[in-house]
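To start, the structure under review is shown below, and the notes come after it.
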Amino acid sequence: MTLTAYNSVEIPSFMYGTAWKKEATARLVELAVVSGFRAIDTANQLIHYEEALVGKALQKLENRGFKRDGVFLQTKYTSVDGQDHRAPYDPTVNLTTQVRQSFESSLRHLFTDYLDAYVLHAPFQRRGLGRADSEVWEAMEGLYQSGKTRIIGISNVTAPQLAQLCEQVNVKPMIVQNRCYAVLGWDKEVREICRNNGIIYQGFSLLTANGRVLADPEVDVIARRVGATPAQVIFRFAMQIGMLPLTGTTSAQHMQEDLQAEKISLTIEELALIEAIAI
Ligand SMILES: NC(=O)c1ccc[n+]([C@@H]2O[C@H](COP(=O)([O-])OP(=O)(O)OC[C@H]3O[C@@H](n4cnc5c(N)ncnc54)[C@H](OP(=O)(O)O)[C@@H]3O)[C@@H](O)[C@H]2O)c1
């Protein structure tokens, strides 16, 4: 299944995330694609991701018959604040040039001449957006308009920041990627802005940020009814309320289980129960 962005680009409805996989990244990306994932999330940020090893996996997959355009590739520009000494650009040049250098480096790492989605890893400040955000966004708009990336997006964004961004830019983000806490109504305010602007919401840490929900007896009852695990119920809940979930599993069995979640059907009452469970 796919979700369609407001510019008609289709995104596979479940994404495999590659953070914190270190040297296992290549093996796990290969396994994820062979298992059935068709969307991969990474970042050009060596503190948390091994983007070049994602590229290695893609090369191996190509040898096994998986074509580049059969995998949705998403990566990020991370500002100097989120980098260590190994930033993939010259940190002394202006932001427009940093974005271009980081993007070109991502293309080299991933053995491709275009990206499916390019994401600003985080705004430069906790509240509001500043000149740095505007400059980076304009550089990303340039990449989008030149056809080098099919989608642009933003991550780790608050509701006021997203509203401001949508208001002030030429090209609104097609995707938002946020950590999704059940205690915040599963990021209700940001999701609402996304819904109103046709933006696809990608949720991460759905399991790791919501341990209490996973252990909740009512979720267990739902899981038993549909013959699934609580983790599958959470992923399916996310999909049914319009989210695109990410998983970062390192287990072949969990990869299968995560993908199988799409086959479950939760009732409207069950969705409402889970939506309000931690508030
Ligand atoms: N934009 C950002 O700043 C940002 C930040 C964080 C993450 N992300 C992205 O989001 C991706 C996913 O991150 P995440 O935090 O959601 O995942 P994660 O931290 O990698 O955690 C997934 C956890 O869920 C478990 N799990 C997955 N499927 C399961 C199942 N079916 N049953 C039981 N346990 C299961 C995994 O355990 P097993 O390994 O044992 O399966 C693992 O402990 C990252 O890799 C990255 O791409 C982005």
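The values are calculated or read from the model by the stated rules, or taken from the named source; none is laboratory data. None of the values given here were measured: they were computed from a predicted structure. Note that we place each Cβ from the backbone using ideal geometry, even for glycine, and neighbour counts take in every protein chain shown. To get the accessible areas, we keep the full protein, side chains included, count just its heavy atoms, and leave off ligands, DNA and RNA. Shrake-Rupley method; radii C 1.70, N 1.55, O 1.52, S 1.80 Å.
Observations, loosely collected:
- Any hit, segment 233-246, residues being open to solvent by 50 Å² or more (accessible area, probe 1.4 Å) and more than 28 Å from A24 (Cβ to Cβ): yes
- Residue match in segment 255-266 (condition: in contact (Cβ under 8 Å) with a residue 60 or more places away in the chain, over 30 Å from G130 (Cβ atoms), within 14 Å of the ligand (Cβ to nearest atom) and outside any helix (DSSP H, G or I)): no
- In the set T75, T92, T96, only one residue is open to solvent by 60 Å² or more (accessible area, probe 1.4 Å), over 18 Å from L162 (Cβ atoms) and outside any loop (DSSP other than H, G, I, E, B); that residue is T96.
- Answer residue from segment 263-279, given it is out of contact with any Gly (no Cβ under 6 Å at 6 or more places or on another chain) and loosely packed, with under 15 Cβ neighbours inside 10 Å and is nearest to V29 (Cα to Cα) among those: K263
- Residues that are touching a residue at least 40 places away in the same chain (Cβ under 8 Å), away from the ligand (no atom under 13 Å from the Cβ) and in a loop (DSSP other than H, G, I, E, B), drawn from segment 227-254: I241, G242
- Tally, over segment 1-34, of residues that are buried (at least 17 other Cβ atoms within 10 Å of the Cβ) and in a helix (DSSP H, G or I): 8
Residues are listed down the side, and each one gets a yes or a no for (1) touching a strand residue (DSSP E or B) at 6+ places or on another chain (Cβ under 9 Å); (2) away from the ligand (no atom under 13 Å from the Cβ):
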residue: I40; (1), (2): yes, no
residue: Q45; (1), (2): yes, no
residue: Y49; (1), (2): yes, no
residue: A52; (1), (2): no, yes
residue: L58; (1), (2): yes, yes
residue: Q74; (1), (2): yes, no
residue: F111; (1), (2): no, yes
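- Scope segment 145-162; condition part of a helix (DSSP H, G or I), of a type outside the set (S, T, N, Q) and surrounded by fewer than 18 Cβ atoms within 10 Å (Cβ to Cβ); matching residues: A159, P160
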